[in-house]
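Written out below as structure tokens is the structure these notes cover.
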Amino acid sequence: MIKETIVVEGKDDIANVKRAVDCEMIATNGLAFGKDLIERLKEVDKRCGIIILTDPDYAGKKIRSRIAKHIPNAKHAYIDRKKAIKKNDLGVENAEPDVIIEALRRAKAETKERVETFTMTDLIENDLSFGKGSKERREKLGDILGIGYYNSKQLLSKLNSFGISREEFERAVDNL
């Protein structure tokens, strides 16, 4: 059983994640959640921690961001877009159990103190920004590191806020 409570978007996500792992879950029921849910998640986080597992789309990022703003030590699990789609429907409810298990295994906690380990120069020198194929390389890097896809500016922020080490980054770049 997973120690943390997993936060997902809806009941279909709950059903699918339950196929993969034994855990407690809470659904946000989309973007329309309010202070009551945030307060509930804060209490759950104090007791056992939370892992945010939202859809790899705009709404999922917004939900993740809103929760992380109030619970900065929440862990984040990401599923690659290509592994969460069926018949043009994108979401956690479409991911295979092994994909969900891997995303949860690789969940990263955001660090409390921001450390500026990486700069835009790191992204440019590793063909992750401003070049042909840089988007595809960022997608692969996000998958290797288990942090999801971001544009260049967002990737730089996440590399620093998730506490990714220089060695971990370099290993991932070598595997691109």
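The values are calculated or read from the model by the stated rules, or taken from the named source; none is laboratory data. Because the structure is a prediction, the values reported are computed rather than measured. Positions of Cβ are generated from backbone atoms using ideal geometry, with glycine treated the same way; all protein chains shown enter the neighbour counts. The area values use the complete protein model at the heavy-atom level, side chains included, leaving out ligands, DNA and RNA. Shrake-Rupley method; radii C 1.70, N 1.55, O 1.52, S 1.80 Å.
For this structure, a couple of remarks:
- Complete set of residues in segment 14-39 that are touching a strand residue (DSSP E or B) at 6+ places or on another chain (Cβ under 7 Å) and not aliphatic (A, V, I, L, M): Cys23, Glu24, Thr28
- Leading residue by the ranking (surrounded by the fewest Cβ atoms within 10 Å (Cβ to Cβ)) among those in segment 50-101 that are part of a strand (DSSP E or B) and among the β-branched types (Val, Ile, Thr): Ile85
- Residue tally, condition closer than 18 Å to Asn73 by Cβ and part of a loop (DSSP other than H, G, I, E, B), over segment 1-27: 3
- For beta carbons closer than 6 Å, sequence separation of 6+ or different chains, a first residue in segment 68-83 that is farther than 12 Å from Arg106 by Cα and a second that is in a helix (DSSP H, G or I) and of a type in the set (Val, Ile, Thr), the qualifying pairs are His70/Ile38; Lys83/Val99.
- Scanning segment 35-49 for residues that are under 12 Å from His70 (Cα atoms) and either open to solvent by less than 80 Å² (accessible area, probe 1.4 Å) or touching a Gly at 6+ places or on another chain (Cβ under 6 Å) (or both) yields Leu37, Ile38, Leu41, Lys42, Asp45.
- Selection status of Ser129, open to solvent by less than 30 Å² (accessible area, probe 1.4 Å), polar (S, T, N, Q) and out of contact with any Asp or Glu (no Cβ under 8 Å at 6 or more places or on another chain): yes
Listed here are the residues, each with its yes/no results for (1) part of a helix (DSSP H, G or I); (2) within 14 Å of the chain's Cα centre (by Cα).
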| residue | (1), (2) |
| --- | --- |
| Glu136 | yes, no |
| Ile144 | yes, yes |
| Tyr149 | no, yes |
| Ser157 | yes, yes |
| Ile164 | no, yes |
| Phe169 | yes, no |
| Ala172 | yes, no |
| Leu176 | no, no |
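- Residue under evaluation Lys3, criteria (1) closer than 20 Å to Glu102 by Cα; (2) crowded, with 16+ Cβ neighbours inside 10 Å; (3) at pLDDT below 95, criterion not met: (2)
- Segment 72-91: number of residues that are of a type in the set (A, V, I, L, M) and over 22 Å from Leu155 (Cβ atoms): 0
Table: residues versus (1) surrounded by fewer than 16 Cβ atoms within 10 Å (Cβ to Cβ); (2) without any contact (Cβ under 8 Å) to a residue 40 or more places away in the chain; (3) not β-branched (Val, Ile, Thr).
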| position | (1), (2), (3) |
| --- | --- |
| Thr117 | yes, no, no |
| Lys140 | no, yes, yes |
| Asn151 | yes, yes, yes |
| Phe162 | no, no, yes |
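- Counted residues, segment 121-176 - those being more than 21 Å from Leu104 (Cα to Cα) and at pLDDT below 90: 3
- Look at (1) part of a helix (DSSP H, G or I); (2) open to solvent by less than 70 Å² (accessible area, probe 1.4 Å); (3) hydroxyl-bearing (Ser, Thr, Tyr) and you find that Thr121 fails only one, number (2).
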